[in-house]
Amino acid sequence: MSEMVGRSKVRSGAVGILIGVALVSLVAVAGRNIPLPGLDVALLTSWVGQGGLPSQLSILALGVTPILSAFALGQVIRLLFPRTDGSIILAVCEAVLAMLIAVGQAYSAARGLDAMGYLGDQGSYGFFSVVAALVGGVAVVLLLSRQVVLPGLLAGLWILWLLPAFLDLPSNILASVDMARTGAASGTQFFEVLLFTIAVAALSAFVVMAVLRHYRHWVAGRTDAKRLFPLAIVVWPPLLAAIVGSYLLVSLALFAPNAVLQSSHMGAYFTGVTAILVPILVLGYKRLFDRRGLSLPSSLLLLIAATQIVAILGTEFAINKMLLVLPLNGTTILVAVAVCCALIDACLPAAHSARTDNPA
């Protein structure tokens, strides 16, 4: 009887998760098609008549950028000060910072639209309507980002982050097909891109499932495990490396602007930053998890870092050497695989729960 009740809970939980994913996705897609208030009516009619509203002029135009920036800073704080992991105060500060960033970006966007004449003659009303709509859109995205929690992953944020890439996927594929049709790319190059994508996806799936397997063993019998998101070690290091690398680049530009502006130096810089920062960040997450009692083997940590470096640098190589438009870049593949594996693990956990309920 208890086994039947457990399976019923698993099925109901899986249905709830799938409904949550669908609702988050539908709201995000719908928001991308709702125009900002205050836009010039004639221009808006023209855009809609030419094939649809540009996503840059929707109420969700800012997307997850303010939230991701705030959460990234929160991740850095957690890595530097592991005691803050799980802190409600830090989570509240992340939300407040995300909204402050949204206000600044919304104000800048409204000024840009006003300078281009997109707001017509509505004056201050149109200007502040755009600001309010953009800030409200970020507030909705922030709420949605916390609505889907999968094993080891706060997935709502990453689903919203992935949506634009997957919505643009058909146009990117068509661009690659046009390159082949015009002779700008060869069949060998397409095969190399396909092979690269499959290899990164396969490696990502392997490390994600390995992390989830260790997480399941650790989570059994614990009451505080829900506050730990171990798949952060898979999705965050590439993004944090890019953010930290950009800040370092700005600092370097103040001292050696001529060297920074050279494209050859830029490529070498980002290659070096990625190769150095990604392993450091992976070790930072190991230290964070160790404090909570979740220990990941060194071989897995090495494989995680290697997969992330291959994904990032492989993307740069494909773009610079093959001259092809990649449908999905390396970081997007990592995040997409992590979300898919966590979703599968959440929807099909019957075997895992059976092992947990009956260890013998």
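The values are calculated or read from the model by the stated rules, or taken from the named source; none is laboratory data. These figures come from a predicted structure and were not determined experimentally. When we count neighbours, we look across all protein chains shown, and the Cβ atoms used for this are built from the backbone with ideal geometry, even at glycine.
Of the conditions (1) modelled with pLDDT of 95 or more; (2) within 30 Å of Val15 (Cα to Cα), Val282 satisfies every one except a single condition; which number is it?
(2)
Regarding segment 331-341, can at least one residue be identified that is of a type in the set (S, T, N, Q), at pLDDT below 75 and in a helix (DSSP H, G or I)?
The initial filter retains those residues of segment 331-341 that are of a type in the set (S, T, N, Q), namely 331-332.
Cutting the leftovers down to at pLDDT below 75 gives us none.
Looking for residues that are of a type in the set (S, T, N, Q), at pLDDT below 75 and in a helix (DSSP H, G or I), one finds none in segment 331-341, hence no.
So, of the residues in segment 342-360 that are of a type in the set (A, V, I, L, M) and surrounded by fewer than 20 Cβ atoms within 10 Å (Cβ to Cβ), which turns out to be modelled with the highest pLDDT?
Quick first cut of segment 342-360, residues of a type in the set (A, V, I, L, M) only: 342-344, 346, 348, 350-351, 354, 360.
Subset that is surrounded by fewer than 20 Cβ atoms within 10 Å (Cβ to Cβ): 344, 348, 350-351, 354, 360.
Details: Ile344: 91, Leu348: 76, Ala350: 48, Ala351: 44, Ala354: 41, Ala360: 35.
Selected residue: Ile344.
How many residues are exposed (fewer than 13 other Cβ atoms within 10 Å of the Cβ) and under 25 Å from Ile77 (Cβ atoms) if we restrict to segment 277-299?
We begin by selecting, within segment 277-299, every residue exposed (fewer than 13 other Cβ atoms within 10 Å of the Cβ); these are 287, 290-291, 293, 295, 297-299.
Within this subset, residues satisfying the condition of being under 25 Å from Ile77 (Cβ atoms) are 287, 290-291, 293, 295.
Qualifying residue count, segment 277-299: 5.
Determine, yes or no, whether Arg216 is modelled with pLDDT under 95, over 22 Å from the mean Cα position of the chain (by Cα), in a helix (DSSP H, G or I) and of a type in the set (Lys, Arg). I'd like the intermediate steps shown before the answer.
Details: modelled with pLDDT under 95: yes; over 22 Å from the mean Cα position of the chain (by Cα): yes; in a helix (DSSP H, G or I): yes; of a type in the set (Lys, Arg): yes.
Yes.
Would you please name the residue that is modelled with the lowest pLDDT, looking only at residues in segment 292-317 that are under 18 Å from Leu212 (Cα atoms), in a helix (DSSP H, G or I) and not small (Gly, Ala, Ser)?
Among those residues, the one meeting the criterion is Arg292.
Among the residues of segment 100-118, count how many are crowded, with 17+ Cβ neighbours inside 10 Å and modelled with pLDDT of 80 or more. Can you show your working first?
Initial filter on segment 100-118 (crowded, with 17+ Cβ neighbours inside 10 Å): 101-102, 105-106, 109-110, 113-114, 118.
With modelled with pLDDT of 80 or more added as a condition, the list becomes 101-102, 105-106, 109-110, 113-114.
Residues that pass the stated criteria total 8.
Could you tell me whether any residue of segment 61-80 is touching a residue at least 60 places away in the same chain (Cβ under 8 Å), touching a helix residue (DSSP H, G or I) at 6+ places or on another chain (Cβ under 6 Å) and more than 25 Å from Leu239 (Cα to Cα)?
Within segment 61-80, not a single residue is touching a residue at least 60 places away in the same chain (Cβ under 8 Å), touching a helix residue (DSSP H, G or I) at 6+ places or on another chain (Cβ under 6 Å) and more than 25 Å from Leu239 (Cα to Cα).
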